[in-house]
Amino acid sequence: MDLAVRTGNQLLSNSYPGEKGVRWFMDSSLYKQNYYMPNFSHGTAGVGYFLARLYQKTNNKQYLDKALTAAAHLEAIENENDWIRHDDGNGKDVYYLSWCHGPVGTARFYYELYRVTQNKKWLDKIKTAAKALMTCGIPQQQTPGFWNNAGPCCGSAGVAEFFLDLHRIFGDAEYLQFSQMVTADVINKATVDDKGTSWLQAEHRRQPNFLQAQTGYMQGAAGIGLWLMHLYESDKKLKPVIVLPDKSF
């Protein structure tokens, strides 16, 4: 907790003004380049999420107030689907769809704000983003922000897990059905041989022809395998023994 509070205090004084509210760059070098990524893994949504969580542990309202000003900034730059662009440079017209730079990750921040404020507008934003995901043509159709990637970070496994979480929160069968459909697409794209099951995919949007079968969590078989276990345990009404600390929903 001491480390968390020291980190939170540094973040309170380390923000920059945005179109409205405040924002954070990933690091000082990107600030000097004016290269800003707003979403969960590299930017304001992730920092706001941390501050909202820290408020729950400390009851220090400074953290919640800063998280709310971060949310105000994100609201100022979102599109009609409550999606937020990848960056302010060449990616200003690119919308990632999964955990790292898309609504799947940023919704975690909004859910934390709902938990601490009980303001249903944050749930409404999550539902708006989810509806747009369900009607944009994925997973059959690839987009500039949803390419040949099956992993939890940038791709299909992250989207599928998000919709299972929404099913748990809201109880809507359509969320579970969409999660299952995306998962079926993940399974169909797998390579199965005598060495096991793997996914040949492109980690990087800008290198679509650089294909690898990775093994790790965010981009590889470990993360996809864990997702498949989560869906299985949901089907069987099982509870995990260990819940990862970033499991927001």
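The values are calculated or read from the model by the stated rules, or taken from the named source; none is laboratory data. Being a predicted model, the structure only gives us computed values, none of them experimental. Every residue, glycine among them, receives a Cβ derived from its backbone with ideal geometry; neighbour counts consider all protein chains shown. Only protein heavy atoms, including side chains, enter the accessible area calculation; ligands, DNA and RNA are left aside. Shrake-Rupley method; radii C 1.70, N 1.55, O 1.52, S 1.80 Å.
I'm told Thr69 meets every condition in (1) of a type in the set (S, T, N, Q); (2) modelled with pLDDT of 95 or more; (3) open to solvent by 30 Å² or more (accessible area, probe 1.4 Å); (4) outside any helix (DSSP H, G or I) except one. Can you identify the failing condition by its number?
(4)
Which residue is modelled with the lowest pLDDT, if the candidates are limited to region 1-26 and must be open to solvent by less than 60 Å² (accessible area, probe 1.4 Å) and in a loop (DSSP other than H, G, I, E, B)?
Going residue by residue through region 1-26, those that are open to solvent by less than 60 Å² (accessible area, probe 1.4 Å) are 4-5, 7-8, 11-12, 15, 18, 21-25.
Narrowing the set further to residues that are in a loop (DSSP other than H, G, I, E, B) leaves 15, 18, 21, 24-25.
Working: Ser15: 95, Gly18: 91, Gly21: 95, Trp24: 97, Phe25: 96.
Looking at the filtered set, the residue picked out is Gly18.
Are there any pairs, at least 6 apart or on different chains, whose C-beta atoms fall under 6 Å, with the first in region 213-226 and without any contact (Cβ under 8 Å) to a residue 60 or more places away in the chain and the second among the aliphatic types (A, V, I, L, M), and if so, which?
Within 6 Å, the pairs are Ala213/Leu200; Thr215/Ala221; Gly216/Ala222.
Free of Cβ contacts under 8 Å to residues at least 24 places away in the same chain and either open to solvent by 60 Å² or more (accessible area, probe 1.4 Å) or over 18 Å from the mean Cα position of the chain (by Cα) (or both): does that describe Lys120? Quick ask: steps written out before the conclusion?
Numbers: free of Cβ contacts under 8 Å to residues at least 24 places away in the same chain: yes; either open to solvent by 60 Å² or more (accessible area, probe 1.4 Å) or over 18 Å from the mean Cα position of the chain (by Cα) (or both): yes.
Yes: the conditions hold for Lys120.
Do you know which of the residues in region 72-102 that are acidic (Asp, Glu) and part of a loop (DSSP other than H, G, I, E, B) is farthest from Gln33 (Cα to Cα)? So that I can check it myself, show each step before the final result.
First, pick out the residues of region 72-102 that are acidic (Asp, Glu): 75, 78, 80, 82, 87-88, 93.
Filter once more, keeping what is part of a loop (DSSP other than H, G, I, E, B): 78, 80, 82, 87-88, 93.
Numbers: Glu78: 22, Glu80: 28, Asp82: 27, Asp87: 12, Asp88: 11, Asp93: 19 Å.
Among those residues, the one meeting the criterion is Glu80.
For residues in region 174-203 being aliphatic (A, V, I, L, M) and in contact with a helix residue (DSSP H, G or I) (Cβ under 9 Å, 6 or more places away or on another chain), which is most open to solvent (accessible area, probe 1.4 Å)?
Filtering region 174-203 for residues aliphatic (A, V, I, L, M) gives 176, 181-182, 184, 186-187, 190, 192, 200, 202.
Subsequent filtering for residues that are in contact with a helix residue (DSSP H, G or I) (Cβ under 9 Å, 6 or more places away or on another chain) retains 176, 181-182, 186-187, 190.
Details: Leu176: 37, Met181: 76, Val182: 1, Val186: 2, Ile187: 93, Ala190: 26 Å².
Here the answer is Ile187.
Would you be able to tell me the number of residues in region 204-249 that are open to solvent by less than 50 Å² (accessible area, probe 1.4 Å), within 18 Å of the chain's Cα centre (by Cα) and within 28 Å of Gly91 (Cα to Cα)?
6
Residue by residue through region 39-54, note down the ones that are more than 13 Å from the chain's Cα centre (by Cα) and surrounded by fewer than 22 Cβ atoms within 10 Å (Cβ to Cβ).
Selection gives Phe50 alone.
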